[in-house]
Amino acid sequence: MPSPNQIVFFDTTLRDGEQSPGCTMHHDEKLRMAHQLAALGVDVLEAGFAIASEGDFNAVQAIAREVHGTRIASLARCKREDIEAAGRAVQPAASNRIHVFLASSDLHLEYKLRITREQALDHAAESVQFARTFTDDVEFSTEDGTRSDHEFLIKMITVAVQAGATTINIPDTVGYTTPDEYAAIFRLVKTRVPGIENVILSTHCHNDLGMAVANSLAGIQAGARQVECTINGIGERAGNAALEEIAAAIMVRHDIYPYTHNLKMTELYPTSQMLAECISFGCSPNKAVVGANAFAHESGIHQHGMMSNPLTYEIMTPASVGAGNTNLVLGKHSGRRALADRLEKLGHPLDRNQLDEVYTRFTELADRKKSIYDQDLLSLLQPAKSVVATH
Ligand code: MN
């Protein structure tokens, strides 16, 4: 068992993320991402769902063969052929995992799987035991766990632990839970399941109500030591908990979240950028930690503060997550000071009168144009320069 405050980062960008609309990746893109995720330092890399297609199987197997320094996992339903495919696909990796899942909510058992609770318990036990014949690292997930009857959830987890599961994941599959409720489920499981102290509990949260990261952190505070997440928060529907946001919360609020992990924080932004390239869409500009505006400031008051001391409006530096420098965006809310500063950096120090003149033209332009680039600023200087030249 790792140290009591060590968090296992389980990345599912290539499985839960990849199976969401518009996020399909080709073989080479998956391999490229997998190498980058290993460089980022994720502990477990869920490379895909081996039974889903030949392409998925080949990608998981190639990642298991070629990507080192992280544990390679494949998802599997509680079916022999799924577990066999997963086992064969992850076999080449130095350390691997089979991740089996079965629904624990009556809604899913009755309408999706059409099996009884008793049958579900049997499937869970048989599947975990069978998976253990391929690897000694088996994760079991109670799909739709947060909408399950608590007594039955405890029964199913107990059966999985007895069958040899080494990690127990309680997913908020549909993004329905709240931080307090999710934490209470973990505390209940910890007190009620025999032998639970020998397994790692895991969160897996979806963002349908915008609470995936908050729920994941609440789960950790209640004793979970693995967190399942994705780069840029991609994933089914509204997405998964965003890895970079959980990591940043642990970094910035270490007083509240005193946990350790193996992530290399400066790889967060490069990983986010690589994913955007692979799937052809980035995150929204206002996305926490890795969005284009996450470290950008336009208003004069904020820019003045940032130039005096960055701590005034930034709780972390962009460099700490590998995102380069703070960006003081010049727009209609900016002041003279930021304009003078930028022009000086561009090689045009202005005296007070020149600055007044250029600032007037700047505000006129900023009223018409949403984004002001350095070229725009340089063109604002032209009339002033020509006046100088002819007189
Ligand atoms: Mn999911």
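The values are calculated or read from the model by the stated rules, or taken from the named source; none is laboratory data. Computed from a prediction, not measured in an experiment: that's the story for all the values here. Note that each Cβ is placed from the backbone with ideal geometry, even for glycine, and that neighbours are counted across all protein chains shown. These accessible areas exclude ligands, DNA and RNA; they are computed on the full protein's heavy atoms, side chains included. Shrake-Rupley method; radii C 1.70, N 1.55, O 1.52, S 1.80 Å.
Using θ = phi - 60° and the Karplus curve 6.51 cos²θ - 1.76 cosθ + 1.60, what whole-Hz ³J(HN,Hα) does each residue of region 372-377 get, with Gly and Pro shown as x?
Running phi through 6.51 cos²θ - 1.76 cosθ + 1.60 with θ = phi - 60° gives 10, 9, 4, 4, 4, 5 Hz.
How far is helix 150-163 tilted off the main Cα axis of the chain, in degrees rounded to 10, range 0 to 90?
70 degrees
Over region 8-278, what percent of the accessible surface lies on carbon and sulfur atoms, probe 1.4 Å?
About 49 percent, which is the carbon plus sulfur part of the accessible surface.
Hey, could you grab the Kirkwood Rh for the chain? Inverse mean 1/r over distinct alpha carbon pairs, Å, one decimal. Provide the component values of the computation, followed by the final result.
On the way: mean 1/r = 0.0436 Å⁻¹.
Hydrodynamic radius (Kirkwood, Cα pairs) of the chain is 22.9 Å.
Tell me which residues come under 5 Å, amide H to amide H, from Ala241 once H is placed; ignore anything under 5 positions away on its chain.
Those qualifying (amide H under 5 Å, at least 5 residues apart or on another chain) are Cys205, Thr230.
Give me a comma-separated list of calculated 3J(HN,Hα) values for region 47-58, in order, Karplus coefficients 6.51, -1.76, 1.60 applied at θ = phi - 60°, integers in Hz, x for any Gly or Pro.
7, x, 10, 3, 6, 4, 6, 4, x, 5, 4, 5
Please work out the average accessible area per residue across the chain, using the 1.4 Å probe convention, and give it in Å². All intermediate terms of the calculation are to be shown ahead of the outcome.
Values: 17660 Å² over 391 residues.
Ligands and nucleic acids excluded, the figure is 45 Å² per residue.
Taking only Cα atoms, what is the 0 to 90° angle, nearest 10, from helix 80-90's long axis to the longest principal axis of the chain?
Once rounded, one gets 50 degrees.
Please list, by residue number, every one of the trypsin sites (Lys or Arg not before Pro) in region 236-300 that is coil in DSSP and has at most 16 other beta-carbon atoms within 10 Å. List each step's numbers first, then the result.
Values: sites: Arg237, Arg253, Lys264, Lys287; in loops: Arg237, Arg253, Lys264, Lys287.
Listed in order of number, the matching sites are Arg237, Arg253, Lys264.
Amide H to amide H, which residues 5 or more places from Ala296 or on other chains are under 5 Å from it, using H placed in the peptide plane?
Amide H neighbours of Ala296: Asn327.
Report, by chain and number, residues whose modeled amide H sits under 5 Å from the one on Glu143, excluding near sequence neighbours (fewer than 5 apart, same chain).
Long-range HN contacts for Glu143: Leu102, Ala103, Ser104.
Using just the helices of the chain, give the 222 nm mean residue ellipticity in deg cm²/dmol: DSSP H runs with n ≥ 4 each add -39,500 (n - 2.57), and the total is spread over all residues, rounded to 500. Numbers along the way, then the final one.
Values: 13 runs with 167 residues, N = 391.
Computed mean residue ellipticity for the chain: -13500 deg cm²/dmol.
Treating only the Cβ of Lys, Arg, Asp and Glu as charged (+1, +1, -1, -1), what charge dipole size does region 66-135 show about its Cα centre? Round to the nearest 20 debye.
The calculation lands at about 140 debye.
At 1.4 Å probe size, with the rest of the protein present, what percent of the exposed accessible area of region 296-390 is carbon and sulfur atoms?
With neighbouring chains kept in place, the figure for region 296-390 is 54 percent.
For the chain, find the longest principal axis of its Cα atoms and tell me its angle to the long axis of helix 336-345, 0 to 90°, nearest 10.
The answer is roughly 90 degrees.
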